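K.L.:
Here you go, one structure.
The values are calculated or read from the model by the stated rules, or taken from the named source; none is laboratory data. For clarity, every value in this text was computed on a predicted model and none was experimentally measured. Here the Cβ is made from the backbone with ideal geometry for all residues, glycine too, and neighbour counts use every protein chain on show. For accessibility, only protein heavy atoms count, side chains too; no ligands or nucleic acids. Shrake-Rupley method; radii C 1.70, N 1.55, O 1.52, S 1.80 Å.
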Amino acid sequence: MTSDNRIGPPNFGSERDMLRAFLDYHRATLAMKCEGLTDEELRQQSVPPSTLSLLGLVRHMAEVERAWFRRPFEDNDAPMVWSDKVDFQAAYDASASTRHEAFAAWDAEVENSRRIEREAESLDQAGYQPRWDEEVSLRMVMVHVLLEYGRHNGHADILREGVDGAVGA
């Protein structure tokens with residue numbers, strides 16, 4: 001990690017502005033944890049039997065973005081990115097993946113998620129989560145995805161340190 005160009009969330013703001021800013025901060029954190037590494041380093045797995053890698057996390061978060069923004073609010077039948085069924089574990093297998101492939105998919109899903117959020121009239125907008133067969137609010141989705149990033153960025157900290165000893169942020 002050569003630089004920290006993340007924009008920190010504001011100390012004050014509306015609920016929506018805070019959720020948006022914290023999501024973008026965590027998205028930037030995941031990207032920063034992958035900065036400066038080769039495809040091989042990004043595919044480096046943690047400790048056996050885990051197959052977890054930084055590239056696998058990027059792929060997984062592309063699936064999370066799709067499953068929680070695109071599918072509930074835009075296309076309930078949208079296929080997942082790396083599996084024919086809703087299998088979040090499939091994304092973790094980054095053994096044949098590249099930075100370009102994983103980040104292109106993740107970036108596209110993040111941009112789509114941002115668009116969906118921007119176009120929503122309020123955080124109370126309802127979407128249908130097909131996995132649960134229930135309606136969910138945009139507020140719930142944003143909090144859920146924020147928690148996903150928080151958890152997985154903790155994994156990214158450990159994975160990055162294991163690759164090249166880089167720590168921090």
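K.L.:
What's the carbon and sulfur percent of segment 51-105's accessible surface, probe 1.4 angstrom, rounded to a whole number?
P.N.:
Answer for segment 51-105: carbon and sulfur cover 47 percent of the accessible area.
K.L.:
Another one. Counting pairs of alpha carbon atoms under 8 Å apart in space and at least six apart in sequence, what relative contact order in percent does the chain give?
P.N.:
Here the relative contact order equals 27 percent.
K.L.:
A further question follows. Could you estimate the translational diffusion coefficient of segment 52-98 from the Stokes-Einstein equation, with Rh from the Kirkwood formula over C-alpha pairs, at 10 °C and 1.306 mPa s, in whole µm²/s?
P.N.:
Here the translational diffusion coefficient equals 148 µm²/s.
K.L.:
Another question about this same structure. Rg and Dmax in Å for segment 1-113, alpha carbons only: what are they?
P.N.:
Just the Cα atoms of segment 1-113 yield Rg and Dmax of 15.0, 44 Å.
K.L.:
To continue, here is another question. Need one number for segment 1-64: average projected area of the convex hull over its C-alpha atoms, nm².
P.N.:
Answer in nm², one decimal: 5.6.
K.L.:
Classify segment 69-169 as rounded, prolate or oblate, taking a ≥ b ≥ c as the square roots of the eigenvalues of its Cα gyration tensor: rounded when a/c is under 1.5, otherwise prolate if a/b is larger than b/c and oblate if not.
P.N.:
prolate
K.L.:
Let me ask something additional. Would you mind checking the radius of gyration and Dmax of segment 115-157 based on alpha-carbon positions, in Å?
P.N.:
Final numbers for Rg and Dmax: 12.3, 36 Å.
K.L.:
Hey, with R₀ at 25 Å, roughly what FRET efficiency would VAL143 and ALA169 work out to, going by the Cβ-Cβ distance, to 0.05?
P.N.:
After rounding to 0.05, the efficiency reads 0.65.
K.L.:
Here is a follow-up. Suppose all protein chains stay in the model; what accessible area per residue would a 1.4 Å probe give for the chain, in Å²?
P.N.:
So the chain comes to 51 Å² accessible per residue, rounded to a whole number.
K.L.:
Which of GLY154, TRP132, SER3 sits farthest toward the positive end of the charge dipole of the chain, with +1 on the Cβ of Lys and Arg and -1 on the Cβ of Asp and Glu?
P.N.:
With unit charges placed on the Cβ atoms, the residue in question is SER3.
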